[in-house]
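The structure under discussion appears below in the form of structure tokens.
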Amino acid sequence: MNKIDVVLFDLGNVLVDLGSDDRFSSIFQVDASDASQLWEQWLRSPAVKAFDKGEISLFAFADQLLEEMGSDRSRDDFIQTFVAWPLGLFDGAKELLACIPAHYHRAVLSNTNDAHWGRILDEMGLAGLFHSYFASHQMGKVKPDPAAFIHVMDELGVSGERILFLDDNQLNIESARRLGMHAEQVKGVEDAKKILYNYKII
């Protein structure tokens, strides 16, 4: 196995609890019967991509997404539930990060936005726990677009084979692997811990 220098974490559904698929469907008023299709639809949404790239405001995002979904829900009601979507860190998330030896570069690559980023860093306490933070709305690039992963490699000065990427979405995993990264799909802290153990990082 090639040497890993960087452990790159997605946040939602890896370290940050977004709740169940039923909660997703209630917030966005979509059918949650097929979770993978639900998340693929989310990643492919033009409104989501524009907001996560920092191109539009929260209000414009709400209006555009509600129009995409054909929803007559009020903008204010949607925004209130959307801002509250991330519930907090999974139990054991900070402890898991603390277990990673200091010689590994800990980094975040997350599709996120202005409405959630401050909560994640400050309210949930992830500020200062990583060496590098790559937030889509600050980069202007989103997963699974290759440009997001290339940006990380360029900024860190490392090739893909020196990076272990943990993400909950298969589309993102496949994109990272095509660029040479070690990429593993995980759901929550326990899955992440198993992968880090298998790679002999912890």
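The values are calculated or read from the model by the stated rules, or taken from the named source; none is laboratory data. Computed from a predicted model, the values in this text were never measured in an experiment. Every residue, glycine among them, receives a Cβ derived from its backbone with ideal geometry; neighbour counts consider all protein chains shown. Keep in mind that these areas ignore ligands, DNA and RNA; they rest on the heavy atoms of the full protein, side chains included. Shrake-Rupley method; radii C 1.70, N 1.55, O 1.52, S 1.80 Å.
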Checklist entry - So which of K3/K53; K49/K187; K141/K200; K53/K200; K3/K49; K53/K194 end up more than 29 Å apart by C-alpha? => result K3/K53; K141/K200; K53/K200; K3/K49; K53/K194
Checklist entry - If you put +1 on each Lys and Arg Cβ and -1 on each Asp and Glu Cβ, how big is the dipole of the chain around its Cα centre, in Debye rounded to 20? => result 800 debye
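How much length, in nm to one decimal, is gained on full extension between A102 and D76, taken as 0.36 nm per residue of separation minus their Cα-Cα distance? It would help to have the intermediate numbers written out before the result.
Working: separation 26, 0.36 × 26 = 9.36 nm, distance 4.39 nm.
Stretched fully, the A102-D76 segment lengthens by 5.0 nm.
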Item to check | Pair Q41, E161: separation of 7 Å Cα→Cβ label points (nm) | outcome: 4.1 nm
Checklist entry - Based on the alpha-carbon gyration tensor of the range 122-200 and its eigenvalue square roots a ≥ b ≥ c, which shape applies: rounded if a/c is under 1.5, prolate if not and a/b is larger than b/c, or oblate? => result rounded
Item to check | Two-site label geometry, Q138 and D22: point separation in nm, points 7 Å out along Cα→Cβ | outcome: 3.6 nm
Checklist outcome for this item: At R0 = 25 Å the Cβ-Cβ FRET efficiency linking Y199 and E123, nearest 0.05, sits at 0.25
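Using the Cα centre of the range 158-202 as the reference point, and only Cβ charges (+1 on K/R, -1 on D/E), how large is the resulting charge dipole? Debye, rounded to the nearest 20.
Values: 7 positive and 7 negative charges, 34 e Å.
Dipole magnitude for the range 158-202 comes out near 160 debye.
If you take the beta carbon distance between S57 and A84 as r and set R0 to 25 Å, what does 1/(1 + (r/R0)^6) give as a FRET efficiency, to the nearest 0.05?
Numbers: r = 18 Å, r/R0 = 0.73.
That pair, S57 with A84, gives E of 0.85.
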Checklist outcome for this item: Within the range 159-183, the residues whose backbone N lies under 12 Å from a label point placed 7 Å from the Cα of I150 along the Cα-to-Cβ direction are 179
Checklist entry - Rule-of-thumb check for the range 81-132: C-alpha Rg over 2.2 N^0.38 Å? => result 1.21
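Per residue, what accessible area does the chain have, given a 1.4 Å probe and all protein chains present, in Å²? Don't skip to the answer; put the middle values down first.
Details: 9400 Å² over 202 residues.
Result: 47 Å² per residue.
I need the shape label for the range 66-162. Rule: rounded when a/c is under 1.5, else prolate if a/b > b/c, else oblate, with a, b, c from the alpha carbon gyration tensor.
On the way: a/c = 2.96, a/b = 1.49, b/c = 1.98.
Note, shape of the range 66-162 comes out oblate.
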Item to check | Distant-in-sequence amide H partners of Y133 (H built 1.01 Å from N, under 5 Å) | outcome: V108
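Over all directions, the average projected area of the alpha-carbon convex hull for the chain comes to how many nm²?
Values: hull surface 41.9 nm².
Result: 10.5 nm².
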Checklist entry - Which angle between 0 and 90 degrees, to the nearest 10, do you get for helix 189-198 versus the longest principal axis of the chain when only C-alpha atoms count? => result 30 degrees
Item to check | Which of A60, S74, S20, positive extreme of dipole for the chain (C-beta unit charges) | outcome: S20
